Amino acid sequence: MRRPNARRTESAERNLAFALSEIDRVATANGLPRSVRDSAGLVYRSAVERNLVKGRPIDVLAAASVYCSCRISGIPRTLDEIAENANIGRRELGRTYRHLSKELGLGLSPARPQDYIGRYCDALKLGTEVRERALSLIRKASENDLLSGLGPAGVTAAAVYISAIICGEHRSQKQVAEAADISEVTLRSRYRELADGLGIRIEFS
């Protein structure tokens, strides 16, 4: 008969193997580099060592570790994207991410809209002028307290959409929404709020 310690060790090893496979799966689905996967593995192992995993689903912990790693590495991915590709709820992912970040002392600040500008502009093949204009809009919106409580993906998409029109590099609402992985309804709500709040008068299509 195996001793209890041996059984616990085997169980811990199985859980770790499953967590690492989940990290690899979620990272692959989100197109993330090997460095992010390795970093996420370290986050998960640290959580195990600090006894932060008890009572929490392994797949959620793995996805939260990936999101932590993205934030640490400065690679823009939203909670919605990670949650969707991990097949888990956004709220549960957010709670677990905040738990790990706090208890591991990662010192991660909230995601900022400007972190996503380059990624969305690359996806839409937009030039430097659009990027700079979008960054300026987001800064002005922040100064005017227009961003409180709004998700960074929607705000960034709205700023990019407006900036592309102003700079003569128009992209459709569908194209911008797909690049930001949000609905066209969300995009319309955000760009109207942004335009109204900043007094921008342009024709939206």
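The values are calculated or read from the model by the stated rules, or taken from the named source; none is laboratory data. This is a predicted model, so every value here is computed, not measured. Positions of Cβ are backbone-derived with ideal geometry, glycine not excepted, and every protein chain shown enters the neighbour counts.
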For this session: Consider residue 133 carefully, then state whether it is under 21 Å from the mean Cα position of the chain (by Cα), part of a helix (DSSP H, G or I) and basic (Lys, Arg).
Result: no
Seminar exercise, completed: Going through segment 160-172 in order, the residues found to be assigned to a helix (DSSP H, G or I) and more than 17 Å from residue 113 (Cα to Cα) are 165, 166
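Per-residue answers, yes or no, for (1) under 28 Å from residue 84 (Cα atoms); (2) assigned to a helix (DSSP H, G or I); (3) not assigned by TED's automatic domain parsing to the domain that holds residue 122:
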site: 140; (1), (2), (3): no, yes, no
site: 147; (1), (2), (3): yes, no, no
site: 155; (1), (2), (3): yes, yes, no
site: 158; (1), (2), (3): yes, yes, no
site: 176; (1), (2), (3): yes, yes, no
site: 179; (1), (2), (3): yes, yes, no
site: 186; (1), (2), (3): yes, yes, no
site: 189; (1), (2), (3): yes, yes, no
site: 193; (1), (2), (3): yes, yes, no
Seminar exercise, completed: Note on residue 42: of the conditions (1) at pLDDT 95 or above; (2) part of a loop (DSSP other than H, G, I, E, B), unmet is (2)
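Could you tell me whether any residue of segment 112-128 is small (Gly, Ala, Ser) and without any contact (Cβ under 8 Å) to a residue 12 or more places away in the chain? I'd like the intermediate steps shown before the answer.
Going through segment 112-128, the residues small (Gly, Ala, Ser) turn out to be 118, 123, 127.
Checking which are without any contact (Cβ under 8 Å) to a residue 12 or more places away in the chain leaves us with none.
No, segment 112-128 has no match at all.
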